[in-house]
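**Student:** Take a look at the following structure, please.
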Amino acid sequence: MASLPDQISQLRTHFMNELREATHSKDFENLKTKYLGKKGPIQSLMISLKDCAPEERPQFGKVINDLKQELALHCENSLARVKLAERNHQLEQEWIDATLPGRPRPQGKLHPITQALNKIVDILVGMGFSIQTGPDVDTDYYNFGGLNFAPDHPARDMQDTFYLNTELLLRTHTSNVQVHAMETYSPPIRIIAPGRCFRNEDISARSHVFFHQVEGVYIDKDVTFADLFATMDEFLSKLLGEKVETRYRPSYFPFVEPGLEVDVKCISCKGSGCRICKHTGWLEILGAGMVHPNVLKKGNIDPEQYSGYAWGMGIERLTMLLSDIRDIRLFTENDLRFLEQFP
Ligand code: PHE
């Protein structure tokens with residue numbers, strides 16, 4: 001077996017060779033464990049001291065200890081040096097120019113239908129109506145029966161209505177909320193109901209299976225036709241501008257009596273006739289009327305004591321008229337070139 005000084009100088013040479021090859025901080029950690037760890041050669045040398053003559057032990061012990069310290073110092077120094085270099089390298093990689101101008105991010109916008117709904121709802125809430133949302137999936141009773149539709153009314157036909165089963169359907173209008181409201185509250189009732197509607201129609205530039213309406217209903221003592229006119233005029237002038245002119249035409253809906261349709265003077269041609277108003281000078285905006293006594297009765301409201309008015313308007317149609325949009329399908333196609341035109 002080699003003498004202790006030889007073993008020591010061999011160990012040092014091996015160590016120094018390995019040290020030269022080490023590059024990463026990890027390598028130095030490993031080297032330290034390898035040489036100075038509990039199972040390392042220095043420790044074995046320490047253990048082998050017990051085989052020396054007792055008088056040699058202190059001297060050899062010191063030599064081994066010195067070596068241990070020497071190697072540890074090498075490791076520490078190299079490790080510190082490499083760690084510093086690594087950190088500098090990392091900082092260089094992470095360097096950013098804080099003076100660079102930011103990259104603009106595309107900003108989302110509200111869908112034109114949401115914008116129109118928000119505007120309409122804001123106006124009506126300001127006029128004292130509270131918001132009620134009804135179910136999109138409802139029963140035949142709430143969509144038709146409770147609204148005085150005769151059992152054989154053509155609107156119930158499979159052609160128009162998406163039935164989910166014999167009882168459930170996708171509501172064809174927001175008027176179902178009227179029935180729910182009358183069941184839930186007692187008069188005075190003053191609500192609006194914005195929401196989605198569905199009709200089983202062929203999709204074309206003018207009609208879609210999916211659209212939005214805003215419904216309104218007001219029931220109280222002594223509500224008259226004059227209240228309906230005043231409310232509609234006030235609402236439409238807030239929506240379309242002070243100078244808007246309205247026209248009321250008789251019309252038929254099973255749940256109102258009398259029923260009407262409300263037109264506004266064409267916003268585009270001011271009444272002289274253009275493509276948008278189909279050369280009539282007027283735009284049909286909403287359906288309305290006095291709540292039918294049968295509907296009140298079904299809602300447990302005494303028609304001798306109470307009366308009310310209701311109206312409903314299609315939001316896609318209104319937005320198309322106001323913004324001269326010629327194809328209703330644009331609203332659901334998610335084409336950014338279209339949507340970005342509504343800031
Ligand atoms: N629900 C009717 C429709 O969808 C509109 C309407 C609502 C008419 C309320 C009168 C009263 O066409």
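The values are calculated or read from the model by the stated rules, or taken from the named source; none is laboratory data. Everything quoted here is computed from the prediction, not taken from an experiment. Backbone-built Cβ (ideal geometry, glycine too); neighbour counts: all protein chains shown. Just so you know, the surface numbers come from the protein's heavy atoms only, side chains and all, with ligands and any DNA or RNA stripped out. Shrake-Rupley method; radii C 1.70, N 1.55, O 1.52, S 1.80 Å.
**Student:** I need the phi-derived Karplus couplings for the range 223-231: 6.51 cos²θ - 1.76 cosθ + 1.60, θ = phi - 60°, integer Hz, Gly and Pro marked x.
**Tutor:** 7, 10, 4, 4, 5, 4, 4, 4, 5
**Student:** Run the accessible area of the range 250-333 with a 1.4 Å probe and give the carbon-and-sulfur part as a rounded percent.
**Tutor:** Exposed carbon and sulfur together represent 49 percent of the surface.
**Student:** Same structure again: By the 4.7 Å beta carbon criterion, which cysteine residues of the chain come out unpaired?
**Tutor:** Result for the chain is 52, 75, 197, no neighbouring Cys Cβ within the cutoff.
**Student:** At 222 nm, what helix-only mean residue ellipticity would the chain give, in deg cm²/dmol to the nearest 500, using -39500 (n - 2.57) for each DSSP H run of four or more?
**Tutor:** -12500 deg cm²/dmol
**Student:** Name the residue farthest towards the positive end of the dipole of the range 4-93 from the options 60, 89, 5, assuming +1 on Cβ of Lys and Arg, -1 on Cβ of Asp and Glu, about the Cα centre.
**Tutor:** The Cα lying farthest towards the positive end belongs to 89.
**Student:** Please report the spacing between the Cα centers of the range 7-67 and the range 158-193 in Å, no decimals.
**Tutor:** Result: 89 Å between the Cα centres.
**Student:** Also, I was wondering about something else. Go through 44, 251 and list them by solvent-accessible area, largest first, probe radius 1.4 Å.
**Tutor:** 44, 251
**Student:** Which ³J(HN,Hα) values in Hz, rounded to whole numbers, follow from the phi angles of the range 35-45 under the Karplus curve 6.51 cos²θ - 1.76 cosθ + 1.60, where θ = phi - 60° and Gly and Pro get x?
**Tutor:** 8, 10, x, 4, 9, x, x, 5, 4, 4, 4
**Student:** Okay, moving on. Would you work out which of 146, 132, 178 lies farthest towards the positive end of the dipole of the range 101-208, given +1 charges on the beta-carbon of Lys and Arg and -1 on that of Asp and Glu, about the Cα centre?
**Tutor:** Value computed over the given set: 132.
**Student:** Can you send over the carbon and sulfur percentage of the accessible area for the range 1-92, probe radius 1.4 Å, protein chains only?
**Tutor:** Of all accessible area on the range 1-92, carbon and sulfur atoms account for 56 percent.
**Student:** So, one more: Send over a whole-number figure in Å² for the accessible area per residue of the range 1-94, probe 1.4 Å.
**Tutor:** In whole numbers, the range 1-94 has 70 Å² accessible per residue.
**Student:** Around residue 125, under 12 Å between beta carbons, what's the net of Lys plus Arg minus Asp minus Glu among the other residues?
**Tutor:** Local charge sum for residue 125: +2.
**Student:** If packing is taken as the average number of other Cβ atoms within 10 Å across a peptide's residues, how do 162-169, 180-187 rank, most packed first?
**Tutor:** Packing order, densest peptide first, comes out as 180-187, 162-169.
**Student:** Report the local net charge at residue 25: Lys and Arg +1, Asp and Glu -1, summed over other residues whose C-beta lies under 12 Å from its C-beta.
**Tutor:** With Lys, Arg at +1 and Asp, Glu at -1, the neighbours total +1.
**Student:** Find out how many positive minus negative residues lie around residue 173, taking Lys and Arg as positive, Asp and Glu as negative, among other residues whose Cβ is under 10 Å from that of residue 173.
**Tutor:** Computed value for this residue: +1.
**Student:** Kindly report the accessible area of the range 112-339 per residue (heavy atoms of protein chains, probe 1.4 Å, no ligands, DNA or RNA), in Å².
**Tutor:** 47
**Student:** Amide H to amide H, which residues 5 or more places from residue 210 or on other chains are under 5 Å from it, using H placed in the peptide plane?
**Tutor:** Those lying under 5 Å, H to H, from residue 210 are 199.
**Student:** Let me ask you something else. Starting from the amide H of residue 259, placed 1.01 Å from N in the peptide plane, find each other amide H under 5 Å away whose residue is 5 or more places distant or on another chain.
**Tutor:** 251, 253
**Student:** I would also like to ask the following. Please state the shape class of the range 4-93: rounded when a/c is under 1.5, otherwise prolate if a/b exceeds b/c and oblate if not, all from the C-alpha gyration tensor.
**Tutor:** Prolate, since a/c reaches 1.5 and a/b exceeds b/c.
**Student:** Expressed in nm to one decimal, what extension gain is obtained for the pair residue 26 and residue 105 from 0.36 nm per residue of sequence separation less their Cα-Cα distance?
**Tutor:** Between residue 26 and residue 105, full extension yields an extra 24.3 nm.
**Student:** Using the Karplus curve 6.51 cos²θ - 1.76 cosθ + 1.60 with θ = phi - 60°, what ³J(HN,Hα) values do you get for each residue of the range 118-135, in whole Hz, with x for Gly and Pro?
**Tutor:** Computed from phi, the couplings for the range 118-135 are 4, 5, 5, 5, 4, 4, 6, 5, x, 8, x, 8, 10, 8, 10, 10, x, x Hz.
**Student:** Which of rounded, prolate or oblate describes the range 112-339 when judged by the alpha-carbon gyration tensor and an a/c cut-off of 1.5?
**Tutor:** It is oblate, given that a/c is not under 1.5 and a/b is not larger than b/c.
**Student:** Continuing with this model, one more query. Build a GNM of the chain with springs between Cα atoms under 10 Å: which of 311, 282, 95 gets the top mean-square fluctuation?
**Tutor:** 95
**Student:** Quick one: Cα centre-to-centre distance for the range 210-236 and the range 313-335, in angstrom?
**Tutor:** 23
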